[in-house]
């Protein structure tokens, strides 16, 4: 195999965010993350304290989502949610930008929204991933093409102190012509663009749509250092099976 198990498992943020997940399912998800040795779990804010207890003594980090999934909370709510999550044991914060404000060109608002979350998280020694929700940005906004819009968001996020920029929440469903909702999540084009839009100080996280080992390897080769995944067991079991079959 081109990459070691540790390199690939160390990219995965095991996603435990589906709204129907029970506490028992969340606990089982944390235990799975520990067994597979992934980078982190990404959990709902109310579950951070319990996740930190379950993962104490392991190398798996606890991450929390903020303003999830649509970014519409007030900036002060996001900052306070970050403070609470960090006090409960979160060491990584995945925040959603205010998408409507960005599309309307309120760049100062967007930057301040990100900055206050970053400042709060960094005060507690935590790192921040800023979620763009690219499925909502396919037509651009504020007089910018989609590509230039995403570049600007990258630049703003870096200036505001982001440690990662992230493609999606996994819940950015867009209504199609047939009336059905769907999303793409992390695309190759977006990952390339996002990697190019920021300096090497800022990392890139892929999220949404990465469901197998080949997909994980591909986003790594496109420059992503982390990948949100719920199919963690299937991905890493496939790695072990392939590695075992190699001469």
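In segment 87-179, the alpha-carbon atoms span a convex hull of 98 Å³ per residue. Measuring from a point 7 Å past the Cα of residue 107 along Cα-to-C-beta, which residues in segment 124-144 have an amide N at less than 15 Å? Residues 141-144 qualify, since their backbone N sits under 15 Å from the label point. If R₀ is 25 angstrom, what is the calculated FRET efficiency for the pair residue 124 and residue 214, using the beta carbon separation as r and rounding to 0.05? Working from the Cβ atoms, E equals 0.10.
With the helix formula -39500 (n - 2.57) applied to DSSP H stretches of n ≥ 4, the chain reaches a computed 222 nm mean residue ellipticity of -13500 deg cm²/dmol. Label-to-label distance for residue 23 and residue 46 is 1.0 nm, based on points extended 7 Å past Cα in the beta-carbon direction.
Distance between the pseudo-spin-label points of residue 4 and residue 138 (7 Å out from Cα toward the beta carbon): 4.1 nm.
Roughly what % of DSSP beta bridges within segment 5-245 run antiparallel, to the nearest 5? Don't skip to the end; give the middle numbers.
On the way: 3 of 32 bridges.
Roughly 10 percent of the DSSP beta bridges within segment 5-245 come out antiparallel.
Sequence-distant contacts, meaning Cα pairs under 8 Å at least 6 residues apart, place the relative contact order of segment 5-245 at 17 percent. Were the residues from residue 225 through residue 76 laid out at 0.36 nm apart, the gain over their Cα-Cα distance would be 50.7 nm.
The smallest convex shape that holds all Cα atoms of segment 94-138, its convex hull, gives 51 Å³ per residue.
Restricting the count to DSSP beta bridges whose residues both fall in segment 153-247, what percent are antiparallel, rounded to a multiple of 5? Here the share of antiparallel DSSP bridges comes out near 25 percent.
Given segment 68-129, report the % of alpha carbon pairs whose separation exceeds 21 Å. Please report the intermediate quantities before stating the final value.
Numbers: 312 of 1891 pairs.
Looking at segment 68-129, the distances longer than 21 Å represent 16 percent of pairs.
Given axes a ≥ b ≥ c from the Cα gyration tensor, I'd like to know whether segment 90-247 is rounded (a/c under 1.5), prolate (a/b larger than b/c) or oblate. Oblate. Of the peptides 218-230, 138-150, the order by per-residue mean of other Cβ atoms within 10 Å, starting with the highest, comes out as 218-230, 138-150.
Computed from the coordinates by the stated procedures, all read-outs in this text should not be read as laboratory data. Keep in mind the model is a prediction, meaning the values are calculated, not measured. All Cβ positions, glycine included, derive from the backbone under ideal geometry; neighbour counts span all protein chains shown.
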